[in-house]
Structure formats: C-alpha cells, structure tokens
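Below is the structure I would like to discuss, written out as structure tokens.
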Ligand code: PLP
C-alpha cells in the first residue's frame, strides 16, 4: 500500500465517527473501487458483495450507465433548489408514478430513507387532519435513525423510545417465533394483522397512519403472504393511511418494482417511501410517493416542510438512469429467478446443517437465515439482538475468503446485487455452508 493510502486508512479509523458500532472496535479495509457484484480494497483484494452493502447497491457497484448519467448531469447542472424546476427531478417523479401506477399522485424527494418516512408521516397527518395522530408500527422493524424514525422502529437499538413521536407498537408477523403462540404461518400473519386492527380500534379517530415494511427488513421479518393484504383491508375499512416502507424492499429486491405489487392492485398503499435502490446507492436519494387521494388533499394547503437538497438534480439523474437500468437489463425477472435459486439452495443447506433453524424470503434476491443452538427447541444461538461470537468469526473468515456477508443478531441477511453472476452466487452459498458446518463443529 502506498504511503498516501496508508495515511488515509489510519485517518478513517481515528477520525471518522462510524455508524452502529463501538468506535474503538471499528477496523475495516478501505474500499477504492468496484465492478458488478464485487468491490476492491486498497490492498487490491476483491470481495463478492452478498448484501449489496446496506441492501442498497441493487445494480452492483459503479454501474456504467448510472455513473455516466451523473457525469453528464454534473456537466449540465449540479444543483438548483425546489423553487425552480429541474428536468431530471420531473423525469424521475414521472417514472416512479408510472412504475408504481400511482396515477394522479405526486412525489416528494428526500435525501434518504429516514427522512422519507418522517415526511410520509407528516403528509399522512396533514392529509388526515390529525397533526398529532398516532402512527402504528411494529416490533422488529426498522425505519431509520432520526429521532422520530427510531421511535417508530421496533428495533432493539432504539428500544425505550417507543412512546415518543406518537408511536403505537404491535407485535410482528414473525412466523418462526410467533408472538401469538401459533406455529402456523398464515395464522401468525392473520393474528398480527388483527393486532393492528385492535390498535386502530382502541384509538379510533386518533391514528393517522400505519407504517410497515411490506416484505424485507434489517430485523429479519418476512411476513406471511396474507399479512399485507389483510393490513390493506383493515386500514381501508378504518380510513387510516397505509404507508409502505419500501426503502429496502423496492427496486427488484423482492422481485417487483415495489414489494406490495406482488399482492396486486388491491394491495396498493396510500403512500410509499423509497431510498437505497432508487439510485442503486450511487448517490443519496429518498422519496415519498403519494397516492392521488393524499396528493389531492394537500393540493391547496401550505406544505410546511422543505429540504435544501430536495430533488437534487444529480441524485435524480442517477435515479432516472437506475430505473432505466433495472428495466433494460430485466433485473426484476433476474432477481426473481436467482432469488428462487438462492432460496432453494438455502433450504437444501438447512436440511444438511442443523444450526440453520429457519430460512425465509425467496421472492427476489432477499433471504434471511436464522441460526439456532438447537433446531428442535429453536433456542437461538445468542439472545436477540446479540451477535453470537461464532457468527462474527464466520463473517471474518468469509471476508478472508473474499466474500462479504451481512449479519444481524442470529441472522444472516442475504441480499446480493441483482447483477450477481450465477456462479458467484453458487460459490458464495457453498462457502457459507462450509463455514456454517465449521461453526457447528467448533
Ligand atoms: N426503512 C427501511 C426499511 C430501511 O431498511 C432503512 C435502512 O436500512 C431505512 C428506512 C432508513 O434509511 P436511511 O438509512 O437511508 O435513512
């Protein structure tokens, strides 16, 4: 490593405050480049990315068309505020409304996922005439790290903040360890949806929105198939806005443009929030997509919000190029096909490796592997949300072998870029099985 790079690496460790970790323990290679599903460190080592970094690099790294679009937009116009029009901003809004079928709706652009959720709730409260209305969210969810988004999240890292920001929490549709005591996935989905109906009824006329991740999530819940459609019926019957947090689940991650689309038109939410895959993480960008009904209610009222960089032209140009790439390269179909292969391989692995308690996902390139000490009793490998030391070691060994896996507690979250090569995917899963078998015998 040359001297300049070596100094930069030391700087990163000593000078930057890093997310979600103990600073003194942070120690990671410096990444200097990427291509497809791989990225490369300063020492010239390559890593196959099995999590799309933070489940965001859906298009792989350095997608040429997105990089080109950013460069071309930068040469034309880097920035103009919302007080003026910007061609890529309007174009991206049009594409999002088209792909989601939110005809007559509008798009509000943010910088990332947390502020998209904050704004979605703000709009739902304004449109419902309940400025302090409750927001129903669930345990084992994640909506971002701003104060309000943390309060709405059912995340162990922000527990204790539940009562703030009008949050009402309900148990999750966690079929493997169902909080309603059933072992039947459909029943668990139905009971979890019913818990939302009960929360809304107990606070009738006081709830502005239900904010839920429809499918994928960092806390490892993949809801049974009856959950989202039931939620839609329950919220519609009570005139409460349903906000789909699609920050992780959209843009092919769950095999569709937006995960709720798998359940058909009747499952359409009133608002949905986006980020991550919106630009394939090439630039930071979030969005709230509002249905025609919500947009109409705001049409003649003052909108009391604003972000300096709302709809930044560079980020929007990246978004336009990203959406074209998903379509032109048929990445949704690819995600469905490779996602099914990955799911089958993981299920086969589960049959061979006793420590694999549960495998969930399978709609698109997203799956969760839950590790247990004992498959019969389902005793977790470590109490949630602790990460078992063996799993830390597994991640380190995989990294040494050139594969990057993401974990959370007892979970391995598999979400590779949609462009991953089939042989790379197969090799990574074979490595995972070898390492899991070693974990068993250690
Ligand atoms: N919502 C979901 C479902 C997420 O997975 C995340 C991030 O992981 C967020 C919101 C927050 O997004 P951001 O980190 O861009 O603020």
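Confirm whether residue 234 is more than 11 Å from the chain's Cα centre (by Cα) and within 16 Å of the ligand (Cβ to nearest atom). Talk me through it step by step, then tell me what you get.
Values: more than 11 Å from the chain's Cα centre (by Cα): yes; within 16 Å of the ligand (Cβ to nearest atom): no.
Answer is no for this residue.
If you don't mind, another one. Please work out which one of (1) within 18 Å of the chain's Cα centre (by Cα); (2) assigned to a loop (DSSP other than H, G, I, E, B) is the condition residue 260 fails and give its number.
Of the numbered conditions (1) within 18 Å of the chain's Cα centre (by Cα); (2) assigned to a loop (DSSP other than H, G, I, E, B), the odd one out for residue 260 is (2).
Right, another one. Could you pull out the residue among 199, 185, 195 that is closer than 30 Å to residue 51 by Cβ, surrounded by fewer than 24 Cβ atoms within 10 Å (Cβ to Cβ) and either at pLDDT 95 or above or within 24 Å of the chain's Cα centre (by Cα) (or both)?
On the way: 199 fails: closer than 30 Å to residue 51 by Cβ; 195 fails: closer than 30 Å to residue 51 by Cβ.
After ruling out the rest, the residue left standing is 185.
Among the candidates 245, 270, single out the residue that is surrounded by 19 or more Cβ atoms within 10 Å (Cβ to Cβ) and within 14 Å of the ligand (Cβ to nearest atom). Let's see the steps before the verdict.
Values: 270 fails: within 14 Å of the ligand (Cβ to nearest atom).
That would be 245, the only listed residue that is surrounded by 19 or more Cβ atoms within 10 Å (Cβ to Cβ) and within 14 Å of the ligand (Cβ to nearest atom).
Might you check whether a residue that is in contact with a helix residue (DSSP H, G or I) (Cβ under 6 Å, 6 or more places away or on another chain) and more than 18 Å from residue 318 (Cα to Cα) occurs anywhere in region 51-65?
no
Taking residue 129 as the residue in question, decide whether it is surrounded by fewer than 19 Cβ atoms within 10 Å (Cβ to Cβ), at pLDDT 95 or above and more than 13 Å from the ligand (Cβ to nearest atom). Steps first, answer last, please.
Numbers: surrounded by fewer than 19 Cβ atoms within 10 Å (Cβ to Cβ): yes; at pLDDT 95 or above: yes; more than 13 Å from the ligand (Cβ to nearest atom): yes.
Answer is yes for this residue.
Still on this structure, please answer the following. Restricting attention to region 38-50, which residues are surrounded by 24 or more Cβ atoms within 10 Å (Cβ to Cβ) and touching a helix residue (DSSP H, G or I) at 6+ places or on another chain (Cβ under 6 Å)?
Residues of region 38-50 surrounded by 24 or more Cβ atoms within 10 Å (Cβ to Cβ): 49-50.
Matches in region 38-50: 50 only.
Could you go through region 137-144 and let me know if any residue there is under 20 Å from the mean Cα position of the chain (by Cα) and either more than 16 Å from the ligand (Cβ to nearest atom) or free of Cβ contacts under 8 Å to residues at least 12 places away in the same chain (or both).
Looking only at region 137-144, we keep the residues that are under 20 Å from the mean Cα position of the chain (by Cα), and these are 137-144.
Filter again for either more than 16 Å from the ligand (Cβ to nearest atom) or free of Cβ contacts under 8 Å to residues at least 12 places away in the same chain (or both), leaving none.
No, there is no match, as no residue in region 137-144 is under 20 Å from the mean Cα position of the chain (by Cα) and either more than 16 Å from the ligand (Cβ to nearest atom) or free of Cβ contacts under 8 Å to residues at least 12 places away in the same chain (or both).
Of all residues in region 104-114, which are crowded, with 18+ Cβ neighbours inside 10 Å and either more than 16 Å from the ligand (Cβ to nearest atom) or not in a strand (DSSP E or B) (or both)? Lay out the reasoning, then the answer.
Initially, region 104-114 is screened for residues crowded, with 18+ Cβ neighbours inside 10 Å, giving 105-114.
Correct list: 105, 106, 107, 111, 112, 113, 114.
Residues in region 63-83: is at least one closer than 26 Å to residue 218 by Cα, crowded, with 18+ Cβ neighbours inside 10 Å and touching a strand residue (DSSP E or B) at 6+ places or on another chain (Cβ under 7 Å)?
There is no residue in region 63-83 that is closer than 26 Å to residue 218 by Cα, crowded, with 18+ Cβ neighbours inside 10 Å and touching a strand residue (DSSP E or B) at 6+ places or on another chain (Cβ under 7 Å).
Now for a different question. Would you be able to tell me the number of residues in region 167-180 that are part of a helix (DSSP H, G or I) and buried (at least 21 other Cβ atoms within 10 Å of the Cβ)?
From region 167-180, those part of a helix (DSSP H, G or I) are 175-177; that's our starting set.
Filter again for buried (at least 21 other Cβ atoms within 10 Å of the Cβ), leaving 175.
Looking only at that region, the number is 1.
To continue, here is another question. Within region 355-398, track down each residue that is closer than 28 Å to residue 423 by Cβ and modelled with pLDDT under 95.
Result: 362, single match.
Sticking with this structure for a sec: So residue 255 passes all but one of these: (1) at positive phi; (2) within 16 Å of the ligand (Cβ to nearest atom). Which condition number does it fail?
Evaluating residue 255 over (1) at positive phi; (2) within 16 Å of the ligand (Cβ to nearest atom) leaves (2) as the failure.
Please pick out the residue among 352, 347, 373 that is in contact with a helix residue (DSSP H, G or I) (Cβ under 8 Å, 6 or more places away or on another chain) and either assigned by TED's automatic domain parsing to the domain that holds residue 49 or surrounded by fewer than 23 Cβ atoms within 10 Å (Cβ to Cβ) (or both).
On the way: 347 fails: in contact with a helix residue (DSSP H, G or I) (Cβ under 8 Å, 6 or more places away or on another chain); 373 fails: in contact with a helix residue (DSSP H, G or I) (Cβ under 8 Å, 6 or more places away or on another chain).
The match here is 352.
Can I ask one more? I'd like to verify a number: residues in region 145-165 that are within 15 Å of the ligand (Cβ to nearest atom), out of contact with any strand residue (DSSP E or B) (no Cβ under 8 Å at 6 or more places or on another chain) and assigned to a loop (DSSP other than H, G, I, E, B), how many?
Total meeting the criteria: 3.
The values are calculated or read from the model by the stated rules, or taken from the named source; none is laboratory data. Predicted, not measured: the structure shown is a model, and the values here were computed from it. Reconstructed Cβ throughout: ideal geometry from the backbone, glycine too, with neighbour counts over all protein chains shown.
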